[in-house]
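The values are calculated or read from the model by the stated rules, or taken from the named source; none is laboratory data. Given the structure is predicted, the values throughout are model-derived calculations rather than measurements. With ideal geometry, Cβ positions are generated from the backbone for all residues, glycine too; neighbour counts draw on all protein chains shown. The area values use the complete protein model at the heavy-atom level, side chains included, leaving out ligands, DNA and RNA. Shrake-Rupley method; radii C 1.70, N 1.55, O 1.52, S 1.80 Å.
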Amino acid sequence: MIAAFFGTAGRTHAAYAALLLADAYGILGQPVTLLRVRLPEEAPLPRRAITEEGLTVSEREARDAREAGAIAAEAVAGEGDLILDLPAVCLADLGLRARIDALVLPVGPTPLDEHAAAAALAGMEPSVEFGLDLVPPPWLLGCGRSGGAAAADAFGHRMRGHEALPPGRGRVRALPMVVPAFGRAEAERIAEGDRTSRSLAASVGLLAALRAAASDRHADAVDPAAYAAALGVDAEQARAPDEREAGDRLRELADELQGIRDQVKPAPADLRDAPRLERWRFTSRSVRVLTGEVFGHPNFTDGRRITTSDLYASDGRRWARTLSRYFILGQPDAAAGRPERH
């Protein structure tokens, strides 16, 4: 398989994605070459402290976009699995793109990252306009995002509706997994060639997603069965659970509470895939929580009675925001008192 990562809003997310993919090969004991091509103004990668057997890492500087494309094309002509970490200017090279099995555009977590990716996709349609539909657009990879499969779904939905994509321009294809935000210590270990439990999970998931994507380069979405088969699990297990750490949850919660205070939240998109609670009631531990039968939760089977994480906001009728997520409120528990706004 030949996989290529293109950095649109800087190179950081593409570089980390390439390193994670290379580590997945190391985990499986399979040989691979990682080639990073950089322009004169771009910094080289830090020196690696650990290099797995079978992994070849090289870095070459190109004078301009044409030379960068030529270096990449030379590497693609070789044998064996190859990972390319390329500057965004190489996206314009249709000949190069046509020879790559899995084209990936890593997208950071900020609105500017998403805007840059959407703008890149919007300007990437000449092959269709001129009847050259043999070159598919890149797959989008959400980076710096926690939340498992639910976060991947939300990212794809947001990108498909992005205002920078005029109707008929820019085909959005999102991978079914995300790369989490790594702490400083984790990021240093990844750059050095080491791994953590979270980076290991992201590495294996990324390799499986790209192998599934490469099996049908022109598909609109990764086939869930192919992704599950690449992971060696069934389709339900392939949907990564929401494993956000406390810091991720608190940062997201702070943004949501500000939006609720400003009366612009929850937006329809926030509630589109939110799990639903039936026979719910407000209750307390040392803090306010909800209990109820949950449906559509990424971590629990439908109908299971759960106690949520801390409750921070609710209109008392239609929705609630806990530390972890939004919930849609179905029918309240008949035995509970009258619901109240929180």
Checklist entry - Any residue at all in the stretch 278-293 that is part of a loop (DSSP other than H, G, I, E, B), modelled with pLDDT under 90, of a type outside the set (Phe, Trp, Tyr) and in contact with a Leu (Cβ under 8 Å, 6 or more places away or on another chain)? => result yes
Checklist entry - Can you spot a residue in the stretch 310-320 that is closer than 30 Å to GLY183 by Cβ and charged (D, E, K, R)? => result yes
Checklist outcome for this item: Listed by first then second residue, the pairs whose first member lies in the stretch 61-89 and is over 19 Å from PRO44 (Cα atoms) and without any contact (Cβ under 8 Å) to a residue 60 or more places away in the chain, whose partner is open to solvent by less than 40 Å² (accessible area, probe 1.4 Å) and in a helix (DSSP H, G or I), with beta carbons under 6 Å and at least 6 positions apart or on separate chains, are ALA73/LEU96
Checklist entry - Mind checking which residues of the stretch 144-167 are in a loop (DSSP other than H, G, I, E, B) and either under 22 Å from THR12 (Cβ atoms) or open to solvent by less than 20 Å² (accessible area, probe 1.4 Å) (or both)? => result GLY144, ARG145, SER146, GLY147, HIS162, ALA164
Item to check | Qualifying strands (runs of 3 or more DSSP E) (wholly inside the stretch 16-134; at least 2 residues being loosely packed, with under 13 Cβ neighbours inside 10 Å) | outcome: 55-61
Checklist entry - Right, SER324: outside any helix (DSSP H, G or I), in contact with a helix residue (DSSP H, G or I) (Cβ under 7 Å, 6 or more places away or on another chain), on the phi < 0 side of the Ramachandran plot and not hydrophobic (A, V, I, L, M, F, W, C) or not? => result yes
Checklist entry - Is one or more of the residues making up the stretch 247-266 open to solvent by less than 40 Å² (accessible area, probe 1.4 Å), modelled with pLDDT under 90 and among the acidic types (Asp, Glu)? => result yes
